[in-house]
Amino acid sequence: MFIVDSQTFARADFVSRWEKLQGQEAFRQPEGKRYALCLKDAFDLVSVLLFLKEKGGSALLMHSSTPYGTALETAKRADCAYLLYGDWNAAADTGCSAGQYAPSLLQYSSGTTRLPALISRTWDEVDAEISGYNELFQKDPASLQPIILVPVSHSYGLVTGVLTAMAREEVPRVIQQSNPKFALHALAETPDHIVYTVPYLYRVFDSLRQGRSRNRRVIISGSPPTEQLLNRMLTQSEEVWQQYGCTEAGSIAVAKQPGSSQDVGMPLRHHRLGIHGSFYEGGFLRGEVITTTGAKRITTGDLGYMDPATGRLHVQGRLDDLINVSGLKVTPAEVEAIILGLPGVEETIVLKTDHPVWGEAVRALAVVSPGITDKDIRAWCIKHLPPYKVPGVIELVREIPRTPAGKISRKYLQSLER
């Protein structure tokens with residue numbers, strides 16, 4: 001079974017949809033073909049995707065808000081034979097050569113550090129992720145219903161939210177309603193829930209809920225929360241899981257009850273992690289997180305370290321977010337943690353800025369309570385950090401700008417500065 005908002009779909013609904021797909025010319029021989037899916041309704045997307053997975057086709061995921069022209073060009077660039085835009089029942093022929101491909105789940109990378117690249121994961125690799133992820137649920141005393149507040153056009157909501165739940169024979173519920181009060185009502189009427197969300201959405205719900213209810217289990221991914229937000233989650237929930245992954249590898253590691261916003265826990269069993277070291281700091285070798293799954297070696301572009309005492313992975317942001325101050329490395333997350341330790345600082349982000357002598361310098365944006373000044377923040381940093389890590393530029397802002405997807409991105413902020 002599968003629920004979208006308040007509508008329930010049984011297995012018979014999936015079978016009926018698959019029969020209708022089989023009757024269309026575009027889906028009579030899907031083996032080896034690629035299909036671009038830009039569909040608003042979660043049931044439409046999941047039913048088509050499962051059909052393609054069963055029949056040996058490939059599915060390219062696109063966010064439902066993508067304009068038609070862009071969706072068509074994206075489908076052609078991926079050599080998709082057909083584009084399903086808005087309506088599952090109207091597959092548009094892209095006119096591509098549509099050669100034979102290994103059946104796969106396809107996505108484009110976010111492009112935050114480079115031009116978007118087409119990422120292909122075979123269905124066998126997706127199944128390995130589902131199996132490894134579901135081992136996390138083996139000791140659950142009772143079944144919990146997943147409530148998915150993130151789009152299923154991305155592997156976080158689709159694979160670890162919907163497909164893993166179906167494999168556990170649980171009933172995932174996808175919330176498409178844009179009104180956050182509807183989502184809060186869904187959580188309240190399902191006390192034994194797992195809510196899949198991102199920090200930004202949690203902040204919205206938290207401001208509306210005002211502490212009137214508790215969460216059974218919260219799973220967050222996409223970007224790390226601030227320490228204050230993580231502490232609120234831990235206080236308001238019986239369990240918090242922080243999930244780490246990337247488009248190329250899917251879910252890599254999960255931290256149950258993370259000790260910090262950087263703690264992403266233990267790798268799933270099908271991943272072997274390594275750190276391509278570049279420098280030592282605080283007794284740990286820090287560098288790029290690398291994972292090997294099957295025969296595939298994936299460089300994540302993320303800066304992190306493994307704690308040898310616990311075996312847990314800690315991720316500190318993008319490797320190219322490191323700030324090089326006259327040859328000395330500054331990790332933005334470390335400076336952010338110090339600034340957030342000053343009472344009255346509500347939110348902050350640290351990023352690099354140009355400097356005429358040092359090449360790069362540390363810049364901080366902060367949202368603060370009345371009475372806190374940039375001099376207060378600088379004095380606090382001088383007390384707790386070596387001089388080269390103290391922000392040379394501190395800007396007090398009403399809010400930190402976010403990308404259209406609601407994320408705080410250092411690359412985005414640096415582009416605004418330029």
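Evaluate E = 1/(1 + (r/R0)^6) for Ser6 and Ala379, where r is the Cβ-Cβ distance and R0 equals 60 Å; express this FRET efficiency to the nearest 0.05.
Plugging the Cβ-Cβ distance into 1/(1 + (r/R0)^6) gives 0.65.
How large, in percent, is the carbon and sulfur part of the accessible surface of the chain at a probe radius of 1.4 Å?
Answer for the chain: carbon and sulfur cover 52 percent of the accessible area.
Can you check what the net charge comes to around Gly95, using other residues whose Cβ is under 14 Å from the Cβ of Gly95 (Lys, Arg +1; Asp, Glu -1)?
+1
Between Gln210 and Val397, 0.36 nm times their residue separation minus their Cα-Cα distance comes to what?
Length difference between fully extended and current span is 64.9 nm.
What does the C-alpha gyration tensor say about the overall shape of segment 152-195? Classify as rounded when a/c is under 1.5, otherwise prolate if a/b is larger than b/c, or oblate.
oblate
Ordered by residue, what ³J(HN,Hα) values in Hz, to whole numbers, does segment 371-377 give under the Karplus form 6.51 cos²θ - 1.76 cosθ + 1.60, where θ = phi - 60° and Gly and Pro are x?
My calculation for segment 371-377 gives x, 8, 10, 5, 5, 4, 5 Hz in order.
Once the Cβ-Cβ distance between His355 and Glu334 is put in as r, and R0 is 25 Å, what FRET efficiency do you end up with, to the nearest 0.05?
Efficiency for this residue pair is about 0.85.
Across the chain, where is the longest run that never hits GluC sites (Glu not before Pro) in a DSSP loop with at most 12 other C-beta atoms within 10 Å?
So the longest stretch without any such site is 190-398.
Taking only Cα atoms and a 10 Å spring cutoff, compute GNM fluctuations for the chain and point out the largest among Gln316, Gln138, Gln243.
Largest GNM mean-square fluctuation: Gln138.
Give the lysines reachable from Lys256 as a straight Cα distance under 22 Å; neighbours fewer than 8 places away on the same chain don't count.
The qualifying lysines are Lys139.
Rounded to the nearest 10 Å², what accessible area does Ser178 show when all protein chains are kept and the probe is 1.4 Å?
110
List the lysines whose Cα lies under 25 Å from the Cα of Lys181, skipping any in the same chain that are fewer than 8 positions away.
Lys40, Lys407
Relative to the present Cα-Cα distance, how much length would full extension add between Tyr388 and Glu19 at 0.36 nm per residue of separation?
126.4 nm
Find how many whole Å separate the alpha carbon centroid of segment 275-338 from the alpha carbon centroid of segment 179-237.
After rounding, the separation between the Cα centres reads 28 Å.
Which of the lysines could be linked to Lys76 by a straight reach, that is with a Cα gap under 18 Å, when you skip same-chain ones fewer than 8 residues away?
Those lysines meeting the cut-off are Lys33.
Under a 10 Å cutoff between Cα atoms, tell me which one of Gln257, Gln177, Gln242 has the largest fluctuation in the Gaussian network model of the chain.
Ranking Gln257, Gln177, Gln242 by mean-square fluctuation puts Gln177 first.
For segment 1-22 and segment 23-51, compute the distance between their C-alpha centroids and round to whole Å.
Spelled out, the Cα-based centre of one part sits 13 Å from the other.
Send over a whole-number figure in Å² for the accessible area per residue of the chain, probe 1.4 Å.
45
Can you show me the helix-derived [θ] at 222 nm for the chain, built from DSSP H runs with n ≥ 4 at -39,500 (n - 2.57) apiece and divided by the number of residues, rounded to the nearest 500.
Computed mean residue ellipticity for the chain: -7500 deg cm²/dmol.
In whole Hz, with x marking every Gly and Pro, tabulate ³J(HN,Hα) for segment 149-166 from phi via Karplus 6.51 cos²θ - 1.76 cosθ + 1.60, θ = phi - 60°.
So the Karplus estimates, Gly and Pro as x, are 9, 10, x, 8, 7, 10, 5, 4, x, 6, 7, 6, x, 7, 5, 5, 5, 4 Hz.
How large is the accessible surface of His154 in square angstrom, using a 1.4 angstrom probe and rounding to the nearest 10?
90
Relative to 2.2 N^0.38 Å, what does the C-alpha radius of gyration of segment 198-341 come to as a ratio? Two decimals please.
Dividing the Cα radius of gyration by 2.2 N^0.38 Å gives 1.09.
Placing unit charges on C-beta atoms (Lys and Arg positive, Asp and Glu negative, everything else neutral), compute the dipole magnitude of segment 55-179 about its Cα centre in debye, rounded to 20.
So the magnitude is around 260 debye.
Subtracting the Cα-Cα distance from 0.36 nm times the residue separation, let me have the gained length for Thr299 to Ala92 in nm, one decimal.
71.0 nm
Hey, can you grab everything whose amide H is under 5 Å from the amide H of Gly86? Only 5+ residues off in sequence or another chain; H modelled, so Pro and N-termini drop out.
Cys38, Leu39, Lys40
The values are calculated or read from the model by the stated rules, or taken from the named source; none is laboratory data. From a predicted model like this one, the values you see are computed outputs, not experimental measurements. Cβ atoms come from the backbone with ideal geometry, glycine included; neighbour counts cover every protein chain shown. Surface areas here come from the heavy atoms of the whole protein model, side chains and all, with no ligands, DNA or RNA. Shrake-Rupley method; radii C 1.70, N 1.55, O 1.52, S 1.80 Å.
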